[in-house]
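The values are calculated or read from the model by the stated rules, or taken from the named source; none is laboratory data. Since this is a predicted model, take the numbers as computed values, not measurements. Heads up, the Cβs are rebuilt from the backbone with ideal geometry, glycines too, and the neighbour counts pull from every protein chain shown. When the accessible area is computed, the model is the full protein with side chains, heavy atoms only, and any ligands, DNA or RNA have been set aside. Shrake-Rupley method; radii C 1.70, N 1.55, O 1.52, S 1.80 Å.
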Amino acid sequence: MKFSVLLPTRNGGPYLENCINSILGQGYDDLELIISDNANTDKTPEIIAQYAADPRVKILRLEEMISVTDNWNNALFSASGDYIMMMGDDDLLLPGYFVRMAQIVDQYGQPDCVLHNGYSYVAPNSIGQNEHGFYSRAHFNFGDDLTKEGVMSMDQRFSIVHDMFRFKVRIPLNMQTTLVRRDKLPRFHPPFPDHYALNSLLLTADKWVFSPEKLLVVGVSPKSFGHYFYSSKHKSGLAYLGIDPEFPGMLPGSDLTNGMHMWLNLLKKNLGDKLRGTEIDRGGYVRRQVFAWYMQKKLGVLSGADFLANMRLLSLRDWGGLLLSFFDRASWNRFTQIIRSSRKSTAELQWNSLQPLPGIVNIAQFSDWITYHATPEQKG
């Protein structure tokens, strides 16, 4: 078996069919699709049953709900393919994905990981009750060191991980955009299982290949974590993931940042021999959380009094790290973009590269549009 596609799902009924069709409809047979049904209570079991006769489909039914991470592991432990790719039930593969992945794998001698890009699609009512959809011409904006296809050097990979400890993210931390050899993929760990797994692989895998190609669509829907994060429903998002971040010195604000702090600690604990001299940058952490407070205040989620109360939580050391933001170009660029922004859309305010997409109401329509109708400029 060449590929195992993991599709853990929890009440993804309205989106699941588009996702499954994009996988099975590619005319590629050397794969298995493992659907882990996490005690779904909507129409998901009925939708899954429509595909039960396909020999490529393996259905795992859980009678009691488990955490997101445990559901991911449930699918992983049932996989038998040489390579693993992960899908969310609101994501979608673009035509030709498996053919292109097989070509890259053969060309580079069965590498451990293949990193690539994709598009982002935000469904209606996913961020701040947006009436129409949005898309981004690139799911992730890579730096100048990742522009051409080729093997990533070990020094480059270690540099990427070290920047994570400074809260600077240089590769997408979504599992969807990295194909991984099954015998290299570690068990998933909370709070953000893909974040930990990918950084662990950056440190331990023998060969990573990068391709700038856009091979899938990463979706944000009203039931994904992205909905909770961008709509400032953090407690609901944490419940969705089954996590409760807590560590010494934790500040309120972005749960994504607090979760990052947790998995960085776990990475240091488990792979400390490869991370000697690398510590979590408190200043970087503080800057991210203060920026989150500012965004929450701008969006009306945090009152002015609560904003000032949060600022009083900072120690003298924290204030010193915050002042270093004056010398951090990325922090300045993002901050000035927010200040100058005249956009009223909650989605566009938080996600600078989003573009409105009226008339496209689901991810399958977006796939058709970007594949067959969008101009070269719109495709990026």
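The relative contact order of segment 1-133 comes to 33 percent, based on Cα pairs under 8 Å that sit 6 or more residues apart. Converting the Cα gyration tensor eigenvalues of the chain into ellipsoid dimensions via √(5λ) gives semi-axes, longest first, of 32, 25, 21 Å.
For segment 275-327, taking Cα atoms only, Rg and Dmax work out to 12.8, 42 Å respectively.
Once the Cβ-Cβ distance of residue 163 and residue 52 is raised to the sixth power relative to R0 = 41 Å, the FRET efficiency obtained is 0.35. Across the chain, the mean sequence separation of Cα contacts (distance under 8 Å, 6 or more residues apart), normalised by length, yields a relative contact order of 20 percent.
Express the C-alpha Rg of segment 1-138 as a ratio against the empirical globular expectation 2.2 N^0.38 Å, rounded to two decimals.
1.09
Here's the list of lysines a cross-link from residue 43 could span, going by alpha-carbon distance under 24 Å and ignoring same-chain residues fewer than 8 apart: 58, 223. A straight chain from residue 372 to residue 314 at 0.36 nm per residue would run longer than the Cα-Cα distance by 15.7 nm.
Got a number for the accessible area of residue 100? Probe 1.4 Å, square angstrom, nearest 10. Here the accessible area works out near 50 Å². For the chain, the mean residue ellipticity at 222 nm estimated from helices alone is -11500 deg cm²/dmol, where every DSSP H run of n ≥ 4 contributes -39500 (n - 2.57) and the total is divided by all residues, rounded to the nearest 500. Summing Cβ point charges (Lys, Arg +1; Asp, Glu -1) relative to the Cα centre of the chain gives a dipole of roughly 1360 debye.
For the cross-link pairs 148/184; 2/184; 168/268, the ones whose C-alpha atoms lie over 20 Å apart are 148/184.
For residue 173, the amide hydrogen comes within under 5 Å of no other amide hydrogen, counting only partners 5 or more places away or on other chains and with H modelled in the peptide plane. Using the Karplus relation 6.51 cos²θ - 1.76 cosθ + 1.60 with θ = phi - 60°, the per-residue 3J(HN,Hα) values for segment 59-76 come to 10, 10, 9, 9, 7, 10, 5, 10, 5, 4, 4, 5, 5, 4, 5, 4, 5, 4 Hz, with x marking Gly and Pro.
Remark: spin-label model distance residue 43-residue 250 equals 3.9 nm, labels positioned 7 Å along the Cα→Cβ axis. Residues 22, 159, ordered by accessible area of protein heavy atoms at a 1.4 angstrom probe radius and largest first, appear as 159, 22.
Can you give me the angle between helix 282-298 and the longest principal axis of the chain, using Cα atoms only, in degrees from 0 to 90, rounded to the nearest 10? Between the helix axis and the principal axis of the chain, the angle is about 90 degrees. Peptides 145-153, 193-201, 176-184, 366-374 ordered by packing proxy, namely the average of other Cβ atoms within 10 Å per residue, highest first: 193-201, 176-184, 366-374, 145-153.
May I ask you to give the solvent-accessible area per residue for the chain, in square angstrom, as obtained with a 1.4 angstrom probe?
Roughly 45 Å² per residue, with all protein chains present.
Sparsely packed loop sites in segment 248-328 (the trypsin sites (Lys or Arg not before Pro) outside DSSP H, G, I, E and B with at most 13 other Cβ atoms within 10 Å) comprise 276, 312.
Cβ under 14 Å from residue 305's Cβ, residue 305 left aside: what net charge do those residues give with Lys, Arg +1 and Asp, Glu -1? Let's see the in-between values first.
Working: positive: 297, 312; negative: 306.
Net of charged neighbours comes to +1.
What a 1.4 Å probe finds exposed on the chain is 51% carbon and sulfur by accessible area, rounded to a whole percent.
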